[in-house]
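Each remark here refers to the structure printed beneath this line.
The values are calculated or read from the model by the stated rules, or taken from the named source; none is laboratory data. What you are looking at is a predicted structure, and each value in this text was computed from that prediction instead of being measured. Using ideal geometry, Cβ is built from the backbone for each residue, glycine included, and neighbour counts are taken over all protein chains shown.
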Amino acid sequence: MTPPLLEMRNIETYYGPIMAIRGVSLIVEEGEIVTVLGANGAGKTTLLKTATGALDSNKGQVLLDGHEIQCRDPDWVARQGIAHVPEGREVFPFLTVAENLAMGAYNRRDKKAIAADLETVYDYFPVLRKLRHKMSTYLSGGQQQMLAIGRGFMARPRLLLLDEPSLGLSPVLVQEIFDIITRLNQEQGLTILLVEQNANVALNVSQRGYVMEVGGMVMDGPSDKLLDSEDIKEFYLGKKDEGVRGRRRWKKRKTWR
């Protein structure tokens, strides 16, 4: 039986004495888009940082193709095929667009394939071609998000981790970004683990989803089942009465198959 591309088993990660995530498990199969929902402080970013080695887990396992990779250096993890587009984009502000994209391929030596992938990025994000000689500090938020995703793609990863790609963007730009995320998955075969607060857009592009609250997983299942869940409608889509919205009532983890 083929193991999942990424599996996290009973992960606990601390910031000093504070437990940020506790007993978290998830699976990402090759070719999927999987989304992790949760409010600020739920532990979503910590989860991604643990997967990439930016934070060491105190307990549990992170497995890529069934092989343990927890507590390895982020550079080593990146060479195994995991790329991370962080929250807030974090482009190199005083490098040009083209230089930022080149940085995404810093672990690669296949020059012809790098040139071909650069053209692919420009095809997906035509505005970046026009701005390729411009320093990225002068790009708009939406353009920087496109650049950050393009830089991640330039690593030619097997798994792309996206942290809050909709943050600070207009609804029109959010839709444009998520349309391209879907195309990268369908046309390039890119597996994506997506962390988001925008439940509606994230669940509509993903096959499966997880919900985090206060460092733990409280719900998971197929995205269409989550969209129909009364809890998701109440807490993330705003479709319940204002008098009850926001009162967390998760009693135990709820899973659909």
Flagged in the stretch 128-138 as touching a Pro at 6+ places or on another chain (Cβ under 8 Å) and without any contact (Cβ under 8 Å) to a residue 40 or more places away in the chain, in numbering order, are none
For the stretch 17-44, what are the residues that are at pLDDT 95 or above and either in contact with a Cys (Cβ under 9 Å, 6 or more places away or on another chain) or in a loop (DSSP other than H, G, I, E, B) (or both)? Glu29, Glu30, Gly31, Glu32
Hey, does the stretch 139-160 have a residue that's within 22 Å of Glu90 (Cβ to Cβ) and without any contact (Cβ under 8 Å) to a residue 24 or more places away in the chain? yes
Could you tell me whether the stretch 193-212 includes any residue that is over 17 Å from the mean Cα position of the chain (by Cα) and either surrounded by fewer than 23 Cβ atoms within 10 Å (Cβ to Cβ) or not assigned by TED's automatic domain parsing to the domain that holds Met146 (or both)? no
Name every residue in the stretch 178-195 that is without any contact (Cβ under 8 Å) to a residue 60 or more places away in the chain and of a type in the set (S, T, N, Q), in order of residue number. Gln186
Residue pairs meeting the criteria (Cβ under 7 Å; at least 6 apart or on separate chains; first on the phi > 0 side of the Ramachandran plot, in the stretch 162-177; second surrounded by fewer than 19 Cβ atoms within 10 Å (Cβ to Cβ) and in a helix (DSSP H, G or I)): Gly168/Gly141
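Out of curiosity, is Asp56 farther than 22 Å from Gly209 by Cβ, at pLDDT 95 or above, assigned by TED's automatic domain parsing to the domain that holds Glu234 and not aromatic (Phe, Trp, Tyr)?
Details: farther than 22 Å from Gly209 by Cβ: yes; at pLDDT 95 or above: no; assigned by TED's automatic domain parsing to the domain that holds Glu234: yes; not aromatic (Phe, Trp, Tyr): yes.
It is false that Asp56 is farther than 22 Å from Gly209 by Cβ, at pLDDT 95 or above, assigned by TED's automatic domain parsing to the domain that holds Glu234 and not aromatic (Phe, Trp, Tyr).
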Quick one: would you say Asp75 is assigned by TED's automatic domain parsing to the domain that holds Arg183, more than 21 Å from Ser166 (Cα to Cα) and more than 16 Å from the chain's Cα centre (by Cα)? yes
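Conditions (1) without any contact (Cβ under 8 Å) to a residue 40 or more places away in the chain; (2) surrounded by 18 or more Cβ atoms within 10 Å (Cβ to Cβ); (3) out of contact with any helix residue (DSSP H, G or I) (no Cβ under 6 Å at 6 or more places or on another chain), marked per residue:
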residue	(1), (2), (3)
Leu47	no, yes, yes
Ala54	yes, no, no
Leu64	no, yes, yes
Trp76	yes, no, yes
Val91	no, yes, no
Subset of the stretch 107-128 (residues that are among the charged types (D, E, K, R) and either in the same structural domain as Glu176 (by TED's automatic domain parsing) or over 24 Å from the mean Cα position of the chain (by Cα) (or both)): Arg109, Asp110, Lys111, Lys112
